[in-house]
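> Dumping the structure here so I can ask a few things about it.
Any read-out appearing in this document is the output of simple, stated calculations on the displayed coordinates, not a laboratory observation. Bear in mind that the values here come from a model prediction, so they are computed numbers and not experimental data. With ideal geometry, Cβ positions are generated from the backbone for all residues, glycine too; neighbour counts draw on all protein chains shown.
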């Protein structure tokens, strides 16, 4: 029966080509716009570490003594040096990584390439297994390297291509500012979206969070080594007094370090929360803290708190769906016109014994066919739309590609939308009284 | 034209008419809000920087040893200054649309009680305000004695500064700012001149900081003021100078890394700064065009159907004396009524959507004059869309009435 309806639908669509083209076009444009923005949203709001994100937590305590209005206040987004190192050296979590970014000049002494300005991530060895960072050559440094301030580094695939032509550069030397470091690992191309581990300060960004979708750092160095190598070039997140030496923040009244911890079970999470609270209370008793508020958000909670999805992308999605709504109304109107014009034909079918349900099914089949053709058009238009997004001046532009799931969603959405659009006109068509129509013939 | 028969005819097509009404309403709501968003992006792009953009370029060097800062500054200023077409080279911390270089909270008193906001500070060596092309509206430009060295931290302990007219009003509403002092922490500023405009480096419309909240602090070059330079050149020569500066700098400052991202002419920096706004405005324009197109097609499609359906009635009307003009006006009136219903609903929806956007996206309130403009656009669109089918209806010959009765 479905085949027959499809055949009828094809004939009917061919009979009135302009109207068909209008409906297909409306659905295609609406679906194209909606799928383009949905794909972008899907990429921007995705989980950067599926399966692991629920075990990763961002720890916050409040080292800032300045009074702020309100009873309930959020701790700052980063930690001061003392708190960060205290919490890290306690080793209360399964894994823990300190995080701080800084800019420095890098050269490869054996090559004659010009010097580059790079972002260096100062972190600790757990960073790599915690965040499932993929290695191409070599591996992470050891815990001993962390404590002994070893001059070692892990570099990105991008930097390895630039400086060493993509060869295995493990064991070679890289000059970071005035220090020579030995390369112990080279990463595979790695592009977490967002670059979640450095996300902070989103609540002050007024929705302009596209910067979270930039590329990871090019060089990773043990935390304490990095503080020595790039002394004088560290930027604070916020300060409650002027640092005495700009860029040297170890004793400065500033927050500038992030702490990530991995906690494998609910019990461990609860225990760690208690540990943080206890630490804050103790520091308050010692007079170093004024506020004992602490936070321990999991990865997705932290991204959410920072409103990681840029506001422009969310606004565009709203717009696209309003647009799809207009296209839908349009299609409903046109389908209604089309079906009611064929009232005579339906009257004949009914008179020959077709049930209301059969007429309804025939009309819905026709709507679904229009939806499918519109879906093909919508798919092509969303490819065009994503191409346009990739040409936009945003850091996430290169991520905008249609994946398999979104490809099928395009057709599903198109067919569902057009069947919904067809339902009302089909209902009207199926209610055509046969006798009245036959009288006119 | 009588409206009553049109209305009673529409009663026969309630559902189809309702759909068009809803489509028009949604289109009206989106049109008003998208139009408002476009206008606000475009007006943000009109930001007045207060400097001679077409003559200015900015250069940022990184990765040099702070100990050689004075030497580097001397080499760069002399080296770039010798290039043909260059009028002057100054050490400056940043420029409008350049990297954010210094935002400091300021207070009217030393104790830090009377907080007045977080302006951006420009630091520049002697001659910088003149090179920028700042327009003085009161007081005087800094003289040679006003330029001081930075001993500790980022700023001189006490300095004679220029502030913008807007920021002067912010600090001392309705008063003369000249000679007054304000503070950031332990550092004191005394106002010696007020300039017309000098915009902040990275203006954020939704931030607390106003577009013109800036202070110019006369400073001698040397750490921490090093590595960032203002080039003033003949506007015709500026692009060439900025390109050639790279080779010159590679020769005279091989120890520093040229920042390709931040170093460019001010017109280019300005364009890059507004690139996202321009892209978003372009996207919204595209959406509006597609939206109006789809709506128009919907009207054309449905009216064509009605015309085809009513051929016989039209024929009868023509046969009993109606002119072509009467038929044409009938469909035009019908469309006008439908669009009007849509607009009434659409205005309500536009305000509702705006309230929602205000809550979710913190956009400002929709100015009411967008509503009549949107309504007018849709009336026009409806009349244009209906014209084709209505003319076809008017062309129906009276003889149709005599067939098939």
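> Rg/Rh for region B:295-359: what does it come to with C-alpha atoms and Rh from Kirkwood?
Checking Rg against Rh, the ratio lands at 1.21.
> Points 7 angstrom from Cα along the Cβ direction at residue B:70 and residue B:272: gap in nanometres?
Between residue B:70 and residue B:272, the label points sit 3.2 nm apart.
> Also, quick follow-up: 222 nm [θ] for the protein assembly as shown, helices only, -39500 (n - 2.57) per DSSP H run of 4+, per residue, to 500?
-16000 deg cm²/dmol
> Further question on the same structure: At 0.36 nm per residue, minus the direct Cα-Cα distance, what do residue B:169 and residue B:289 gain on full extension? Give it in nm, one decimal, please.
Additional length available on full extension: 38.9 nm.
> Provide, for q = 0.10, 0.17, 0.25, 0.26 Å⁻¹, the log10 of I(q)/I(0) from a solvent-free Debye sum over equal Cα point scatterers in region A:224-316.
Scattering profile of region A:224-316, log10 relative to I(0): -0.43, -1.04, -1.18, -1.20.
> Would you please give the FRET efficiency between residue B:149 and residue B:356, computed as 1/(1 + (r/R0)^6) with r the Cβ-Cβ distance and R0 = 56 Å, to the nearest 0.05?
Given R0 = 56 Å and the Cβ-Cβ separation, E is 0.55.
> Along the Cα→Cβ direction, 7 angstrom out, place labels at residue A:352 and residue B:43. What is the inter-label distance in nm?
Label-label distance for residue A:352 and residue B:43, simple model: 6.4 nm.
> Helix B:370-394: angle to the longest alpha-carbon principal axis of chain B, degrees 0 to 90, nearest 10?
The angle comes out at about 40 degrees.
> Mean projection of the alpha-carbon convex hull of region A:287-434 over all orientations, in nm²?
That works out to 14.2 nm².
> Here's another thing I want to ask about it. To check my understanding: the extent here is largest minus smallest coordinate of the Cα atoms along each principal axis. What are those three numbers for region B:53-273, in Å, largest first?
Extents along the principal axes: 50, 35, 32 Å.
> Determine, at each q value in 0.19 (inverse angstroms), the log₁₀ of I(q)/I(0) that the Debye formula gives when each Cα of region A:101-179 is one equal point scatterer.
-0.91
> Follow-up. How high is the relative contact order of chain A, in percent, with contacts defined as C-alpha pairs under 8 Å that are six or more residues apart?
Contact order relative to length: 28 percent.
> For residue A:110, project a label point 7 Å along Cα to C-beta. Then give me every residue of region A:164-180 with its amide nitrogen under 14 Å of that point.
Those under the cut-off are A:164-175.
> Here is a further query. Can you give the Rg to Rh ratio for region B:45-141, taking only C-alpha atoms and Rh from Kirkwood?
Rg/Rh for region B:45-141 comes to 1.02.
> If you fit an axis through the alpha-carbon atoms of helix A:266-286 and take the longest principal axis of the Cα set of chain A, what angle between them do you get, 0 to 90°, nearest 10?
50
> Let me check I have the definition right: for region A:53-305, take the eigenvalues of the Cα gyration tensor, multiply each by 5, take square roots. What are those semi-axes in whole Å, largest first?
Equivalent ellipsoid semi-axes, largest first: 32, 20, 17 Å.
> State the dimensionless ratio Rg/Rh of the protein assembly as shown (Rg: radius of gyration of Cα atoms; Rh: Kirkwood radius).
1.07
> Translational diffusion coefficient of region B:254-405 at 25 °C, 0.890 mPa s, Stokes-Einstein with Kirkwood Rh over Cα pairs, in µm²/s as a whole number.
125
> Could you give the radius of gyration (one decimal) and Dmax (whole number) of the Cα atoms in chain A, in Å?
30.2, 98
> If you restrict to DSSP beta bridges whose two residues both lie in region B:53-273, what percentage is antiparallel, to the nearest 5?
Expressed as a percentage, antiparallel bridges in region B:53-273 total about 70.
> In addition: Would you mind computing, in nm to one decimal, how far apart the modelled labels at residue B:368 and residue A:401 are, each placed 7 Å from Cα along Cα→Cβ?
Simple spin-label model gives 5.3 nm for this pair.
> Would you list A:58, A:4 from fewest to most Cβ contacts within 10 Å?
Going from sparsest to densest Cβ surroundings: A:4, A:58.
> Still on this structure, please answer the following. Which residues among region A:103-130 fall inside the zone where the amide N is under 19 Å from a point 7 Å beyond the Cα of residue A:178, along Cα→Cβ?
Residues A:103-109, A:115-118 qualify, since their backbone N sits under 19 Å from the label point.
> Relative to a virtual label point 7 Å from the Cα of residue A:82 in the Cα→beta-carbon direction, which members of region A:209-245 show backbone nitrogen distances below 16 Å?
A:239-244
> If you don't mind, another one. Compute the FRET efficiency between residue A:147 and residue A:239 as 1/(1 + (r/R0)^6), taking r as their Cβ-Cβ distance and R0 = 25 Å, and round to the nearest 0.05.
Efficiency for this residue pair is about 0.30.
> Among bridges DSSP assigns within chain B, what percent are antiparallel (round to 5)?
Here the antiparallel bridges make up roughly 70 percent for chain B.
> State log₁₀ I(q)/I(0) for region B:257-318 at q = 0.29 Å⁻¹ as given by the Debye formula over alpha-carbon point scatterers of equal weight, solvent excluded.
So the normalised log intensities work out to -1.07.
> Taking R0 as 56 Å, what FRET efficiency do you get between residue B:190 and residue B:340 from their Cβ-Cβ distance, rounded to the nearest 0.05?
After rounding to 0.05, the efficiency reads 0.35.
> Report, for the protein assembly as shown, the % of DSSP beta bridges that are antiparallel, rounded to 5.
Around 75 percent of the beta bridges assigned by DSSP in the protein assembly as shown are antiparallel ones.
> On the principal axes of its Cα set, how long, how wide and how thick is chain B? Give whole Å, largest value first.
In descending order, the Cα extents are 102, 50, 32 Å.
> A further question on this structure: Return the whole-Å distance between the Cα centroid of region B:156-175 and the Cα centroid of region A:74-142.
If we compute the Cα centre of each part, the gap is 43 Å.
> Against the longest alpha carbon principal axis of chain B, how many degrees, from 0 to 90 and to the nearest 10, is the axis of helix B:14-44 turned?
Approximately 20 degrees, to the nearest 10.
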